[in-house]
Amino acid sequence: MQTKQWWKESVVYQIYPRSFNDSNGDGIGDIKGITEKLDYLKKLGIDVVWLSPVYDSPNDDNGYDIRHYLQIMDEFGTMEEFDELLAEMHKRGLKLVMDLVVNHTSDEHPWFVEARSSKNNPKRDYYIWKEGKNGEEPNNWASNFSGSAWQYDEQTGEYYLHLFSKKQPDLNWENPDLRKQVYDMMRWWLDKGVDGFRMDVINFISKDQRFPDGEKKPGQNYASGSPYFKNGPRIHEFLREMNNEVLQHYDVMTVGEMPGVNVDEAKRYTAEEREELNMVFHFEHMGLGDGPGGKWDNLPWKLTDMKKIMTKWQKGLAQKGWNSLYWNNHDQPRVVSRFGNDKDYREKSAKMLATCLHMMKGTPYIYQGEEIGMTNAAFPSIKDYEDIETLNWYNEQREEFNADPNTLMQSIYARGRDNARTPVQWDASENAGFTKDRPWLSVNPNYKQINAEQALNDQNSIFYYYQKLIQLRKQEEIVVYGDYELLLEEDEEIFSYTRTLGNEKLLVVCNFTDKKVQRDDIASYVGENKKLLISNDEARSGNDHLASICLAPYEAFVYKFL
């Protein structure tokens with residue numbers, strides 16, 4: 001059975017530091033800029049900050065290519081400023097979770113500099129090196145950032161594996177000395193006082209040592225190697241070792257980013273008796289609307305598919321393991337643009353989506369700007385974009401397939417990672433109050449209408465709605481620990497479910513459409529003695545009869561029954 005834990009009762013806020021707040025006017029968000037906004041986060045009510053990487057990095061993939069694990073990137077500040085941030089957070093009762101990136105390093109990391117210097121170097125085996133086959137790569141695996149996953153190294157005449165950019169060589173977790181170095185580094189941060197780790201693509205660290213070819217699809221130059229590195233042969237062994245060596249000696253929170261993980265695997269990763277991780281990020285709901293060509297092949301999505309996925313995970317981890325709940329992050333488009341309506345019903349649909357997620361069982365994650373309803377940005381030219389994944393894909397499609405630029409830009413507008421990375425919109429002044437200089441990535445032009453200052457001055461804003469949802473999680477144990485049951489399974493307009501704990505029951509009803517929707521079949525699931533906990537519609541009251549409900553466009557409400 002599941003135990004009560006502080007991280008189950010917490011709400012997490014993700015900060016992507018480059019885009020959060022710039023304190024020194026160089027156009028790049030920084031650590032001091034985060035410290036300046038801690039009172040804003042405290043007002044929102046969150047408990048934990050997950051900080052995307054701030055380590056020293058050449059920034060090929062915005063900090064996910066680490067050159068030194070124990071140093072701070074110059075653009076972000078100094079270790080003294082980091083220590084001040086940590087102290088100021090702890091003073092306010094906030095916890096800090098660091099991003100742990102140990103599937104790969106930068107090619108400028110001292111380990112890799114040594115490894116590529118000679119085949120006989122002791123660090124050579126910290127990475128994955130192979131000889132070519134018939135003058136080509138060791139196998140046909142594709143990089144996640146386009147092209148081959150192998151890069152030829154002239155100096156030593158071998159290829160190294162990089163599942164991401166060629167400047168992000170994969171670490172060889174088969175090497176026990178490498179693992180010891182990683183554990184020592186983790187201890188160093190935990191001894192400093194950080195409160196846990198979000199682990200980047202952690203289910204990629206164990207590779208099938210045969211390195212077989214993947215199955216190539218028609219028209220592809222390279223194949224997905226994911227069956228041979230996602231949830232690989234030794235992954236559970238490595239995570240248990242990490243737990244035994246490091247994690248269990250501290251009171252920390254861990255969450256593993258795990259593309260391609262399913263419910264059964266997630267149970268193995270997060271069941272408490274297995275002593276691996278607290279929770280995982282799965283990506284099934286992030287695949288909604290993916291066409292045959294993946295996310296760039298963006299198609300309409302169905303609410304019944306979303307309900308199926310969310311319910312599968314709610315039920316699957318009901319007794320063993322724990323869910324992480326999120327709609328967006330630094331790699332995903334803005335939720336109000338993707339699953340809501342960012343034109344006519346931005347505030348209403350943002351509140352509806354927040355209700356739908358935050359009333360589920362699991363630990364909710366808010367991505368910076370989500371709490372004020374920030375939207376996707378559609379910049380006019382590919383030159384306005386910075387993301388390596390987006391740029392590589394665009395160039396590959398243009399050069400190899402002569403794809404239409406306008407069609408490509410529509411895909412980027414819908415699903416590109418820079419949608420999440422435009423600077424946080426603090427106020428209506430120039431550059432949205434993010435910086436006094438030219439920002440590293442353009443600000444979304446709608447910042448004069450959508451910004452934190454405006455939200456804080458409006459008691460009915462999305463910000464205060466999120467604040468109330470967070471308060472409900474603190475006040476009502478049923479929100480954290482209640483059992484989940486889906487209602488109206490085949491309904492393509494309404495997402496409704498109940499939560500039950502002892503004699504208490506919650507009814508959550510969310511209209512995912514821009515139309516009024518009438519339902520006569522919800523009341524049969526609940527009792528009569530009820531209290532309205534939260535609603536995004538002023539017309540909704542605690543006295544409403546539920547025998548026949550008319551929902552306004554994008555309306556959401558939660559009743560508690562005793």
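Relative contact order for segment 435-526: 15 percent, from Cα pairs under 8 Å spaced at least 6 residues apart, divided by residue count. Using a probe radius of 1.4 angstrom, the carbon and sulfur fraction of the accessible surface of the chain is 44%. Which GluC sites (Glu not before Pro) in segment 61-160 pass both tests, a DSSP loop state and at most 13 other beta-carbon atoms within 10 Å? Answer in residue order: E131, E154. Across the options V246, G287, V263, the greatest Cα extent toward the positive end of the charge dipole of segment 215-294 (unit charges at beta carbon of Lys, Arg, Asp, Glu) belongs to G287. Helix content alone sets the calculated 222 nm mean residue ellipticity of the chain: runs of n ≥ 4 DSSP H residues at -39500 (n - 2.57) each, divided across all residues, give -8000 deg cm²/dmol.
The amide H of G260, built 1.01 Å from its N in the peptide plane, has F283 as neighbours under 5 Å, considering only residues 5 or more places off or on other chains. Annotation for L38 and D191: the two label points, set 7 Å from Cα along the Cα-Cβ direction, are 2.4 nm apart. For Y55, the residues whose amide H sits under 5 Å from its own are M73, ignoring neighbours fewer than 5 places away on the same chain, with H placed 1.01 Å from N.
A protection proxy built from the mean count of other Cβ atoms within 10 Å ranks the segments 304-311, 347-354, most packed first, as 347-354, 304-311. May I ask you to list the aspartates and glutamates whose Cα is less than 15 Å away from that of K530, ignoring any residue fewer than eight positions away on the same chain? Cross-link targets: E476, E504, D544.
Solvent-accessible surface of segment 263-381, taken per residue with a 1.4 Å probe and all protein chains present: 30 Å².
Based on protein heavy atoms only, segment 32-73 ends up with 29 Å² per residue of surface accessible to a 1.4 Å probe.
Per-residue packing, averaged as other Cβ atoms within 10 Å, sorts the ranges 5-12, 90-97 into the order 5-12, 90-97, beginning with the highest. Annotation: amide H of I366 within the under-5 Å range of V12, Y13, Q14, sequence separation 5 or more or interchain, hydrogens built in the peptide plane. Among 549-560, 23-34, the peptide with the highest mean count of other Cβ atoms within 10 Å heads the list, and the full ranking is 549-560, 23-34. Residues in segment 280-318 near a label at K267, defined as backbone nitrogen under 11 Å from the 7 Å Cα→Cβ point? Backbone N within reach: 316-318. Rounded to the nearest whole Hz, the Karplus-based 3J(HN,Hα) values (6.51 cos²θ - 1.76 cosθ + 1.60, θ = phi - 60°) of segment 249-254 follow the sequence 8, 9, 8, 10, 10, 10, with x at glycine and proline.
Taking label points 7 Å from Cα along the Cα-to-Cβ direction, F211 and E396 give a separation of 2.0 nm.
So what is log10(I(q)/I(0)) for the chain at q = 0.10 1/Å, when the Debye sum runs over its Cα atoms only? Listed by q, the Debye log ratios stand at -0.86. Once the Cα atoms of helix 388-401 and of the chain are each reduced to a long axis, what angle between those two axes, in degrees from 0 to 90 to the nearest 10, is obtained? Helix 388-401 sits roughly 70 degrees off the main axis of the chain.
Phi angles across segment 259-276 convert, under the Karplus curve 6.51 cos²θ - 1.76 cosθ + 1.60 with θ = phi - 60°, into 3J(HN,Hα) values of x, x, 7, 10, 4, 5, 4, 4, 4, 5, 6, 10, 4, 4, 6, 7, 6, 10 Hz, Gly and Pro given as x. Remark: segment 398-505 carries 46 Å² of accessible area per residue (probe radius 1.4 Å; ligands, DNA and RNA excluded). Modelled this way, with points 7 Å down the Cα-to-C-beta line, the labels at N543 and N175 are 7.3 nm from one another. Over segment 280-414, what is the relative contact order in whole percent, taking alpha-carbon pairs under 8 Å and six or more residues apart? The value is 22 percent.
Could you give the Stokes-Einstein D for segment 1-80 in µm² per second, using the C-alpha Kirkwood radius, 10 °C, 1.306 mPa s? Taking Rh from Cα pairs, D becomes 114 µm²/s. 3J(HN,Hα) along segment 217-223, derived from phi through the Karplus expression 6.51 cos²θ - 1.76 cosθ + 1.60 where θ = phi - 60°, amounts to 8, x, x, 9, 7, 10, 10 Hz, with x in place of Gly and Pro.
The values are calculated or read from the model by the stated rules, or taken from the named source; none is laboratory data. Note that the structure is predicted; figures quoted are calculated from it, not measured. Positions of Cβ are backbone-derived with ideal geometry, glycine not excepted, and every protein chain shown enters the neighbour counts. SASA here: full protein model, heavy atoms, side chains in, ligands and nucleic acids out. Shrake-Rupley method; radii C 1.70, N 1.55, O 1.52, S 1.80 Å.
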